[in-house]
Structures are given as structure tokens and as C-alpha cells.
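Have a look at the structure below before the remarks.
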Amino acid sequence: MLFTSFTFLALLPLALLVFAVLPARRRWAWLLLASFIFYAAWEPFNLFYLAAVTLVVYGCGLGMAHAGRGALRTALLSLGLVIVLGLLVTFKFYDFLAGELAALGPVLPRLGLATPVGYSFYAFAAVSYLVDTYAGRLPAERHAGHAALYVAYFPKIFAGPIERATTFLPQIRAGLRAEPQRLVAGLQLIGWGLFKKLVIADNLAPLVDRSFAIAAYATPVDLLLSVYFFAFQIYCDFSGYTDIAIGVSLLFGIKLMENFRRPYLAASTAEFWGRRWHISLGSWFRDYLYIPLGGGRAGPVRRYANVMGVFVVSGLWHAGLGYGVGWTFLVWGALNGLYQWVGLATAPIWRRLGARLPRLAAGAPLRVLRVLLTFHLIAVAWVFFRAASVGEALVVLQKIAGGLWQMPGLLVRYPFGMDHYLGVGLIALLVGIEILDERRSVWERLAAAPAALRWAVYYAGIFALLVLGRWQAREFIYMQF
């Protein structure tokens, strides 16, 4: 069941009605049942894996609570991590590695396992619970139903945010109540998320798919447009899911963490990954991998190694994201790690520039140049993310680079169609809105606007969804791994 399906949009009001009539202390049970139904609607057998992870989280958490600070506590943490992460590695890489090894001689049996939808997300949520319980940042959850709801909660189970138990479980214990202002904010986010997914991302997707399917034969203009379009497709697809997930949660009185903060306005790749894109994943890697490895405290060599390690692991975590499991994701992660290395190495230069030329460093022209450079660096990395193989990604980049010098003439002669103009127009609209939002929240602007203007915006959005939205239940990209 997809957020963009008519089934979900029809059942959501019913779920809210039942939620509203139940006593506050019983609402968690209804949300847990709804979460199981939502997840089983995709593939019923996947409930087995969901139940297994839930039992590991609950059992190991209680065990650590009773084990004190001895070796048993460490053993229980290790057991939980091996099970949860071991399953993730097996699902993602066993068959891929078996195929790679077969070319070298060793023959391993293929398991034919596919990663259960959403497993990458709820596995990381489970890991954070186990580690936080072990470290004493979180008391072990003794209520089995609350622990199960944390793992299975349906708005976030397919593609996050990767919510922490330290913020989620206290809301459940306090009793769930949907406040009027949260209802308004929730409906606004749901509408905006649907617009980003159905109107922007799904209208860009066919253009991207068409060029990448024939990369060796596509023109440099086709490929260049597809690279730009894919950057906004994946952003609107993923952030659209997050907006809907956060909006639906607000309707049920639950606040999930912000996951995107206008990422293509970042002025550096460090800002992009650290504070703007997939924030819940970035903070997860910071807290549960980068800092435990020593972070930047053990000297520059160790810091550089830790940074690259985090991005390589991130690339591996993304493998299988709708485009199969291959070496492309490892290259994508390493390339983004290389960007961070360059950023660390050049940081003193930017600091000296800021000290000597403060007006230039703080001025808009330099900021715009840095934003454009950052966007293009990220867009180049997205090519490896989207391509079916490293070779295909290199073909795309080589053809674009080879045609850059004659690109103005090629663009003049290119047979642009209405789908191209629509794509460019939607991207321009999105960028304009996000620039406004960077200065002051768009929702605050709407709340302060005259009622006629506010409702005109709402009706325009609904009209665009009905006329331009592609309601063919195309999956969200981040659900597919």
C-alpha cells in the first residue's frame, strides 16, 4: 500500500476516526494494528522479518536492563547487532557476492532473497535502540506493544525518517493526542509531499529513465538534462515521502524528525550531507559509526579515514535502491567521501578568506557560486547512483564532458517537447519556493497571508495534483531497498 494510492488515501480518514474515538491510553494499540496491516499489504511474509527484529529489540533490551554492566550486557548487544545487521548484509549482498565469486571459480549456492521492503530503515532504528539502551541513554522499554510500535510504525517503516527511540517512545508513553495546529500542519505537509512526488518527481522520471536506458546512444543534451532531472527527481521523490510520513504522523499526534532542509541550497558538500539531506541517516552515521570510530579526535589521518569509512558504508547501505546491487553504490559513497576530504583540506583557505575579506565571504555572489558548485558536484555523484553500472555512469559523464564545448549550439537545435518544458518549469517553481522558505517558512507566510490568497494556493495545488499528478502508484525510490 503506497501513500500515493487511492486505497491509502481512502483508509486514512477511517484510521483517524477510530483513533479519535479510542481512549488516549489505547491509541498505541490501534496504531500498531494499522502498522501491521499497512506492512502486510505489501508482502504478508515480510511480517516474519518485522516480528523477528521486534523480538530481538525487545528481548535484548530487557536482557541488557537486567544484566548490569558485565560481559552479559555486551554479549546481548553483540547478539542483537549480529542478527539485525547480519540479516541486512545477507539480504543485500549474499547473492551479489556469490555471482562475483562465481566468475573467479568458487561456486556458492544462490539464496534468491530480496531485501524486505523497508528493512534497511527499521533495521537501523533497531540498532539505534540497542546501542542507546546499552549506553544508558535510553531505559529498556518494558512495554512490548510500545517497542513493537517503535519498530513497525507505518508512516516511517518504508523509507524513514530513521526516528530515535529516545524521542519516539516518550510520545507514546505520554498518550497520543492530535492538536488542532498539528492537524493543519499535517495536512499541509501531506499535500506538499504528494505534489513533490506525483507532480514533480513522477513527471521527471520518464525523461530520466529514457536517457539512462540508452546511455550509449543518447545525445549529450539528453544525458545532461537527465542528470539535472534525476537530481530533482530523487529529491522530490524521497523528500515527498518524508513530508507525507511526517504529515500523517502529526495527524496521529506524533512528531517525527525533520529529514530534509532545502538540500540544493547547501554551499558545501559537508553542509549538504551534514545538515540538509537525509538528516536522520546522516545523524545516525555520525552517532553510531563516525563518533565510535573516533570521529575527528584521533588526528587528521584517522579523521580522514573515518570520514571515508562512513561514506563507503553509506554507499553499501544504499545498494539495491531500485537500480540493483552493484559497484556503483560503492563508487558513489567513495566519491562523496572524496568531496569531504577536499572540503576538510580547503577549510583553512575559506577561513582565511573570511577573515581577510569578510564582506566578500559573506556576500551573496560567492554564496551563489558555492551553491552552484555544490549542486553540480552532488549531481555528478548521482550519476553513479542512478546508472546500472560503473561503465554506464562513465559513459554518461564522458559524453556530457565531450559535448560541453558545443552545448550552446546543441541546445539551440534540440527538439524540446512539452514534457521538457514542464519539467524545467516545475523545478523552477520548487527552487523558488525553497529560496523563499530559506528566508522564512512558507507555511508561516501562508498563515500570515489573506485567507483568499491562502485558499487560492491550496486549490491551485489540488488542481495541479488532479491535472498533472501521475497517479499510477509508481513506487517511492527509497522503498525499493
Failed condition for Leu289, given (1) out of contact with any Leu (no Cβ under 7 Å at 6 or more places or on another chain); (2) in contact (Cβ under 8 Å) with a residue 60 or more places away in the chain; (3) open to solvent by less than 60 Å² (accessible area, probe 1.4 Å); (4) part of a helix (DSSP H, G or I), with all others met? (2)
Has the stretch 111-128 got any residue that is touching a residue at least 12 places away in the same chain (Cβ under 8 Å), surrounded by fewer than 12 Cβ atoms within 10 Å (Cβ to Cβ) and more than 30 Å from Arg286 (Cβ to Cβ)? yes
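Please specify each residue of the stretch 332-376 satisfying the condition of being of a type in the set (A, V, I, L, M) and under 24 Å from the mean Cα position of the chain (by Cα).
Ala334, Leu335, Leu338, Val371, Leu372, Leu373
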For the stretch 140-259, please list each of the helices (runs of 4 or more DSSP H) lying entirely inside it that holds at least 1 residues being open to solvent by 20 Å² or more (accessible area, probe 1.4 Å). 144-152, 165-173, 180-194, 202-213, 220-251
Can you confirm whether Val18 is crowded, with 17+ Cβ neighbours inside 10 Å and touching a helix residue (DSSP H, G or I) at 6+ places or on another chain (Cβ under 7 Å)? no
Against the condition without any contact (Cβ under 8 Å) to a residue 60 or more places away in the chain, over 18 Å from Ala51 (Cα atoms) and among the basic types (Lys, Arg), how does Arg137 come out, does it pass? yes
Mind checking which helices (runs of 4 or more DSSP H) fall wholly inside the stretch 297-387 and carry at least 3 residues that are closer than 20 Å to Arg262 by Cα, modelled with pLDDT of 95 or more and open to solvent by 20 Å² or more (accessible area, probe 1.4 Å)? 364-386
Taking the conditions exactly as written (assigned to a loop (DSSP other than H, G, I, E, B), touching a Gly at 6+ places or on another chain (Cβ under 9 Å) and over 22 Å from Lys156 (Cβ atoms)), does Arg73 satisfy them or not? no
Any idea which of Ala447, Ala428 is part of a helix (DSSP H, G or I) and modelled with pLDDT under 95? Ala447
When the stretch 161-219 is checked residue by residue, the ones that are β-branched (Val, Ile, Thr) and farther than 30 Å from Tyr288 by Cα are Val184, Ile190, Val199, Ile200, Val208, Ile214, Thr219
Starting from the stretch 46-66, keep only residues that are under 20 Å from Thr166 (Cα atoms), then list their pairs with residues that are aliphatic (A, V, I, L, M) and surrounded by fewer than 15 Cβ atoms within 10 Å (Cβ to Cβ) whose Cβ atoms are within a distance under 8 Å, requiring at least 6 positions of separation or different chains. Tyr58/Ala144; Gly63/Leu72
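Yes/no per residue for (1) of a type in the set (Val, Ile, Thr); (2) modelled with pLDDT of 95 or more:
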{"residue": "Leu204", "(1), (2)": "no, yes"}
{"residue": "Val208", "(1), (2)": "yes, yes"}
{"residue": "Ala218", "(1), (2)": "no, no"}
{"residue": "Leu223", "(1), (2)": "no, yes"}
{"residue": "Val227", "(1), (2)": "yes, yes"}
{"residue": "Phe230", "(1), (2)": "no, yes"}
{"residue": "Gln233", "(1), (2)": "no, yes"}
{"residue": "Asp243", "(1), (2)": "no, yes"}
{"residue": "Ser249", "(1), (2)": "no, yes"}
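What do you reckon, is Val395 open to solvent by less than 20 Å² (accessible area, probe 1.4 Å), modelled with pLDDT of 95 or more and part of a helix (DSSP H, G or I)?
No.
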Only one of (1) at pLDDT 90 or above; (2) closer than 28 Å to Ala231 by Cβ is not met by Thr167, so which one is it? (2)
Residue in the stretch 408-424 that is of a type in the set (Phe, Trp, Tyr), at pLDDT 90 or above and open to solvent by less than 30 Å² (accessible area, probe 1.4 Å) present: no
What tally of residues in the stretch 450-480 results from selecting those that are closer than 19 Å to Asp202 by Cβ and outside any helix (DSSP H, G or I)? 9
How about the stretch 247-274: which of its residues are touching a Gly at 6+ places or on another chain (Cβ under 8 Å) and not hydroxyl-bearing (Ser, Thr, Tyr)? Gly247, Val248, Leu250, Leu251, Asn259, Ala270, Trp273, Gly274
The stretch 62-91 - residue that is surrounded by 15 or more Cβ atoms within 10 Å (Cβ to Cβ) and over 27 Å from the mean Cα position of the chain (by Cα) and, of those, modelled with the lowest pLDDT: Ala67
Looking at (1) open to solvent by less than 40 Å² (accessible area, probe 1.4 Å); (2) outside any helix (DSSP H, G or I), which is the one condition that is false for Pro44? (1)
May I ask you to list the residues in the stretch 426-465 that are closer than 21 Å to Thr4 by Cα, open to solvent by 80 Å² or more (accessible area, probe 1.4 Å) and either within 26 Å of the chain's Cα centre (by Cα) or touching a residue at least 40 places away in the same chain (Cβ under 8 Å) (or both)? Ile462
Criterion violated by Gly402 - all others in (1) in contact (Cβ under 8 Å) with a residue 60 or more places away in the chain; (2) closer than 25 Å to Trp277 by Cα satisfied: (2)
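The values are calculated or read from the model by the stated rules, or taken from the named source; none is laboratory data. Since the model is a prediction, treat every value here as computed from it, not as a measurement. Note that we place each Cβ from the backbone using ideal geometry, even for glycine, and neighbour counts take in every protein chain shown. The area values use the complete protein model at the heavy-atom level, side chains included, leaving out ligands, DNA and RNA. Shrake-Rupley method; radii C 1.70, N 1.55, O 1.52, S 1.80 Å.
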